[in-house]
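Reviewing the structure listed below.
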Amino acid sequence: MALRILVPIKRVIDYAVKIRVRPDKRGIETANVKMSMNPFDEIAVEEALRLKEKGVAKEVMVVTVGSKACQETLRTALAMGADQAIHVEHDSDVIEPIGVASVLHKISLKHTPNLILLGKQAIDDDCNQTGQMLAGMLKWPQGTFISKVTVDKEKGVEIDRETDSGSESLSLSLPAVLTCDLRLNEPRYAKLQNIMKAKKMEVQKTTPQELGVDMTPRLEIVHINEPPKREGGVKVKSVDEVVAKIKGA
Amino acid sequence: MFSLKSNGTTIIKRILTTKILFKSYSTSSNVTVTRNDKYSQVTEEDISYFKSILEEGGVITDKDDLRMYNTDWMNKYKGNSKVALRPKTTEQISAILKHCHSRSLAVVPQGGNTGLVGGSVPVFDEVILSLGLMNKIEKVDQSSGVVTCQAGVVLETLDHHLSRFGYTVPVDLGAKGSCQIGGNVSTNAGGIRLLRYGSLHANVLGIEAVLADGTVLDNLSCLRKDNTGYDMKHVFIGSEGSLGVITRVSLLTPPRPTSVNVAMFGCKDFASVLVALQRAKTELGEILSAFEFLDRKSMDKVVAHGKAKDPLSESHDFYFLIETSGSNKDHDKAKLDLFLENILAAEVVSDGVVAENVTQATDIWKVRETIPEALQKAGAVYKYDLSLPLSHFYKIVEVMQDRLGDKATAMGYGHVGDGNVHLNISAPSYSKEIYDIIEPFVYEYVAEQRGSISA
């Protein structure tokens, strides 16, 4: 049954950083800003590693699409315990889900995973599209926003997924695409020994061109604005005033 | 109560009330302290006067409202003040102190009230002078990094403000969300960055303070170098309110690091911690910004009281935390990687983890910074902030535990990089027996090593 799991990961601005819009209003300031692995992707890597530790998976491969700097994100995943890392080098400010999904499609055909775990969305664009598009391209079943996953010999994959009205339980046959939500797990720290090991591991390199994928963006960012500053509240002295203010607003 | 032939009711009243105010601390010390009769008591006239010079809400006399001013953070020391004052300007403080001076009213200045040794609350009925509303940040000099602000600015607020200009506060401590810069300066707070930026003596450029008689002492210089006259600010730094109330501070602040790394390690003995410290100083050099240590018992308390999670997968006898701060991510990473490789190869550490994002870094720091909170939840705690030569740094914990047997748990944590250990003894409840085992032995031990009982 031993699965080969592919976990696509993305390098994004660290979740804790206070972001600033670039002066040209076409993007977010990234110069000298702390970058880290997308938190939901970290959760996906963690789940893949747990499946490996349970004996359900035999290999965890991570892949990323982006500039040279993304290699450090791959190293973090290797330091957590991933077995293989693939870097699809693409130097561009804008990398869209459709491009990434196309790349992952080609990678999947080449490396033949039977389970793909992604973060549900990236915290920079919040698109929440890559996993779903990839499943469509591969014609595999998809389970999104998972908060629990178990692999069963007969039933395939059993998941609980988060919905607005509660938790939904589904079974999917393998191979499948799953996207991970916040409550699935708490990612581990990278241990010293594994960090040292990861430094020496080889990262496989390729490009979208080699894979035959056109990464030209289909969308143009016209402008980005900060949300309006929060105004102070106003104290009122009576219920009538409250009503008047609500009516006036 | 004894009868007294007097020439007026005032004398009897004073003796009566003195007895009522007699307070003995059965919590941490068994020394009974008597209120000094030379100090007057607050009257309605005093309250009226305070109300006339302060704004609405500046005079607090309600018993329930006073509770938080009268009680320290640890809930261990309880004062009995009848009034707390909240001025907004130096002039108001000057008027208050002038009045109290003329009336012989005792005053206790209070900042964030986060101190752990009972220094910020009244012993008896002293007037509480709260600096909380003196919270204006007046100026940040963009090119020099010098900030001028009132004493009541919360440390974390000051740091956030400075971040906009690319600077950071030179002191950092677990209480940063509540402690105030004036309090930090009056107590010469050390904190976790002393290793890198030095103490407040090195970073405070000027002070404005109000003396007991109301005189405003303006020493608020922003100059990096000034050798004219006696450098009085150094006497005020660490004077704990005994010389005057600090009202404004000008502080030199370092550039905010753009590259920060945090890691935690487990060792099998304290000697390894010292070896790692030596290596960190040499191999990380100028980017080392913190080196904190904690022992197994401290980690157990933190985990048991749910304040933070243990980042390492197994238990170790000793832990230390390293932080690097620098201006070049690649340069810092290269230095850190080499340091990690070396300590692993030399078997100085048994295990370690490195934070891969800001959230993990904050979580690792939480382990060290929430120890006081966890200890408070665990029961009674006796705290000692000691400076000792590194050879005896952890010995004090071991020796104390031997003396205590199974009556209490002795643990140590703190700024090993500065030779400053926080010796803490945790027990289910306070007792004279435990107190007598600890004191005066701990002071004698420290004195023998030529250390300090208040680091």
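The values are calculated or read from the model by the stated rules, or taken from the named source; none is laboratory data. On a predicted model such as this, the values are computed, not experimentally measured, just so you know. Every residue, glycine among them, receives a Cβ derived from its backbone with ideal geometry; neighbour counts consider all protein chains shown. Accessible surface areas use protein heavy atoms only, side chains included; no ligands, DNA or RNA. Shrake-Rupley method; radii C 1.70, N 1.55, O 1.52, S 1.80 Å.
Structure above, values below:
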read-out	value
Where trypsin sites (Lys or Arg not before Pro) fall in DSSP loop in the range A:1-61, at most 13 other Cβ within 10 Å	A:18, A:20, A:25, A:54
Cut-off 15 Å, label 7 Å out along Cα→Cβ of residue B:80, residues of the range B:112-129 by amide N	B:122-127
Residue pairs, from the table B:139/B:176; B:281/B:309; A:10/A:120; A:197/B:268; B:281/B:335, whose Cα atoms sit over 18 Å apart	B:139/B:176; B:281/B:309; A:197/B:268
Cα-based Kirkwood hydrodynamic radius, the range A:32-88, one decimal, Å	11.8 Å
For residue B:222, solvent-accessible area (1.4 Å; no DNA, RNA or ligand), Å²	60 Å²
Residue order for A:206, A:150 - accessible surface, 1.4 angstrom probe, largest first	A:150, A:206
In the A-B interface, the accessible area buried, summed over both sides, Å² (probe 1.4 Å)	2000 Å²
Helix-derived mean residue ellipticity, 222 nm - over chain B, DSSP H n ≥ 4, -39500 (n - 2.57), to 500	-9500 deg cm²/dmol
Relative contact order computed over the range B:185-324 (Cα-Cα under 8 Å; 6+ residues apart), in percent	27 percent
Three-way shape call for chain B based on the alpha-carbon gyration tensor, with the a/c threshold at 1.5	oblate
B:97, B:211, ranked by accessible area, largest first (probe 1.4 Å)	B:211, B:97
Packing-based order for A:160-172, B:308-320, A:75-87, using average beta carbon neighbours within 10 Å, highest first	A:75-87, B:308-320, A:160-172
Normalised per residue, the volume of the convex hull around the Cα set of the protein assembly as shown (Å³)	224 Å³
Local electrostatic count at residue B:415 - Lys and Arg +1, Asp and Glu -1, tallied over other residues with Cβ under 13 Å	-3
Cross-link partners of residue A:247 among lysines (Cα-Cα below 17 Å; sequence separation of 8 or more within a chain)	A:235, A:237
Lys, Arg +1 and Asp, Glu -1 on Cβ, resulting dipole of chain B about Cα centre, debye, nearest 20	1220 debye
Trypsin sites (Lys or Arg not before Pro) restricted to the range B:152-247 and DSSP loop, no more than 11 other C-beta within 10 Å	B:164, B:224, B:225
Aspartates and glutamates with Cα under 15 Å of residue A:106, excluding same-chain neighbours fewer than 8 positions away	A:89, A:210, A:214
Column: log10 I(q)/I(0), Debye, Cα scatterers of chain A, q = 0.08, 0.10, 0.18 Å⁻¹	-0.36, -0.53, -1.45
Aspartates and glutamates whose Cα lies under 20 Å from that of residue B:82, excluding same-chain neighbours fewer than 8 positions away	B:37, B:44, B:45, B:46, B:55, B:56, B:62, B:64, B:65, B:72, B:125, B:126
Rg followed by Dmax, in Å, when the range A:11-50 is reduced to its Cα trace	13.2, 44
Cα gyration tensor shape of the range B:265-310, rounded if a/c is under 1.5, else prolate or oblate by comparing a/b with b/c	oblate
